[in-house]
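Input: a single structure, listed below in structure tokens.
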Amino acid sequence: MNQLFLLAAPNMGDFPVVGVAIAAAILLFIVLFLRFVPLGLWISAMASGAKVGIGSLIGMRLRKVNPVHIVRPLIKCTKANIPIPVSQLEAHYLAGGRVDAVINALIAAHRANIELPFEKAAAIDLAGRDVFDAVRMSVNPKVIETPMISAMAINGIEVKAVARITVRTNIQRLVGGAGEGTIIARVGEGIVSTIGSAKSHRDVLENPDLISKTVLAKGLDAGTAYEILSIDIADVDVGRNIGAHLQIEQAEADKKIAEAKAEERRALAVAQEQEMRAEVERMRAKVVEAEAEVPSALAQALRDGKMGYMDYINLENRKADTQMRANIGTAQMDVSVKPGK
């Protein structure tokens, strides 16, 4: 009987080994549970009044969402009395958004009485803009300074101006609205237009606020992400006399054109003179050629009896008389020219 009891009874020496194994398994389960489930974060959320359950935290782990990036912003918005479901925060995180920056922007907008829904803030953040900086600019406007802008008044004097533009963010047009570059370009265009329509540069120097009033009245912030509060002229200076410079350049251009035309006429005259000289030389050659044929013609006429000896003598006398008259005329011309000198 005792032997049967000893066979049926468990080995009392195995109990310490089993207990250690069970304790180790329990400890391993607790460690894995605490590693998988951020119990401290859940306690912080419960203590702050943020409604998030253990199941939601486990689901975040399964969806590869860092619970810290969700629970801490949730605690912020709960304390700021801005109710936002955990699912929306998690969806924005999965979309690649910055949950903490969006919550900070919502809190800042709520404190400043600026209407900013979570969907709008999330859209702005996903669009790549800093939503918190946009809200901060709505509360504290930003000053944008334009580069030196030069324009010419009607009287031809150049006027240089620098403007300071005070803008604040337009939350409703932040997504899809134009940026600072468009504001600067439009203001620069307005300054050039206003200076260009002024009759004299003195009008601009005497009333620089005329530029700011005219430009501000054009509604240059349409379609942009900003609202223009004021445009102030920081500096106005007088530049070159562009009108006189343009007139000088025009006169130089006209002079060059006239010189080119005169050179063209001179070249044409030279060509015509050379052509006339060539023609005179050809005529002279023909005369010389004709004169060379005269002796032979006279000789032939004498041989043929068509001309007598006395006719030949009379011809020579006439030639001599003609030459004498020509010499006398030349001498008289020389005498008449000398007193004039």
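The values are calculated or read from the model by the stated rules, or taken from the named source; none is laboratory data. Source: prediction; values computed, not measured. With ideal geometry, Cβ positions are generated from the backbone for all residues, glycine too; neighbour counts draw on all protein chains shown. Please note that ligands, DNA and RNA were not included when accessible areas were found on the heavy atoms of the full protein model with its side chains. Shrake-Rupley method; radii C 1.70, N 1.55, O 1.52, S 1.80 Å.
Remarks
- The set of residues in the stretch 152-164 being touching a Ser or Thr at 6+ places or on another chain (Cβ under 8 Å) and over 10 Å from Ala234 (Cα atoms) consists of Ala153, Ile154, Asn155, Ile157, Glu158, Val159, Lys160.
- Residues of the stretch 42-87 that are surrounded by 14 or more Cβ atoms within 10 Å (Cβ to Cβ), under 51 Å from the mean Cα position of the chain (by Cα) and among the polar types (S, T, N, Q): Thr78 alone.
- Any hit, the stretch 117-136, residues being touching a Gly at 6+ places or on another chain (Cβ under 9 Å), outside any helix (DSSP H, G or I), at pLDDT below 85 and open to solvent by 30 Å² or more (accessible area, probe 1.4 Å): yes
- Residue within the stretch 226-248 that is open to solvent by 40 Å² or more (accessible area, probe 1.4 Å), without any contact (Cβ under 8 Å) to a residue 24 or more places away in the chain, assigned to a loop (DSSP other than H, G, I, E, B) and over 16 Å from Met148 (Cβ atoms) present: no
Rundown of residues vs (1) touching a residue at least 12 places away in the same chain (Cβ under 8 Å); (2) within 26 Å of Val102 (Cα to Cα), yes/no style:
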position: Pro117; (1), (2): no, yes
position: Val135; (1), (2): yes, yes
position: Val143; (1), (2): yes, yes
position: Gly181; (1), (2): no, yes
position: Ala185; (1), (2): no, no
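- Selection status of Thr166, under 23 Å from the mean Cα position of the chain (by Cα), outside any strand (DSSP E or B) and closer than 30 Å to Asn113 by Cβ: no
- Any hit, the stretch 139-161, residues being modelled with pLDDT under 85, assigned to a helix (DSSP H, G or I) and of a type in the set (A, V, I, L, M, F, W, C): yes
- Verdict on Gln323 being without any contact (Cβ under 8 Å) to a residue 24 or more places away in the chain, of a type in the set (S, T, N, Q) and open to solvent by 90 Å² or more (accessible area, probe 1.4 Å): yes
- Taken together, the residues in the stretch 211-224 that are in contact with a strand residue (DSSP E or B) (Cβ under 9 Å, 6 or more places away or on another chain) and either under 24 Å from Asn241 (Cβ atoms) or in a helix (DSSP H, G or I) (or both) amount to 5.
- Residue count, the stretch 199-225 (criterion: within 17 Å of Asn170 (Cβ to Cβ), out of contact with any Gly (no Cβ under 8 Å at 6 or more places or on another chain) and in contact (Cβ under 8 Å) with a residue 40 or more places away in the chain): 1
- From the list Ile248, Ile231, Ile313, the lone residue that is among the β-branched types (Val, Ile, Thr), out of contact with any Gly (no Cβ under 6 Å at 6 or more places or on another chain) and within 30 Å of Ile184 (Cβ to Cβ) is Ile231.
- Elements of type helices (runs of 4 or more DSSP H) contained in the stretch 47-106, each with 3 or more residues being free of Cβ contacts under 8 Å to residues at least 60 places away in the same chain and of a type in the set (Val, Ile, Thr): 68-79
- Consider the stretch 149-199 and keep the residues that are crowded, with 21+ Cβ neighbours inside 10 Å and of a type in the set (Gly, Ala, Ser). The one that is farthest from Gln247 (Cα to Cα) is Ala163.
- Output for the stretch 200-225, where each listed residue is more than 16 Å from Ala161 (Cα to Cα) and open to solvent by less than 30 Å² (accessible area, probe 1.4 Å): Leu220, Thr224, Ala225
- For Lys142, the requirement of being open to solvent by 30 Å² or more (accessible area, probe 1.4 Å), over 15 Å from Val238 (Cα atoms) and touching a strand residue (DSSP E or B) at 6+ places or on another chain (Cβ under 8 Å) is met.
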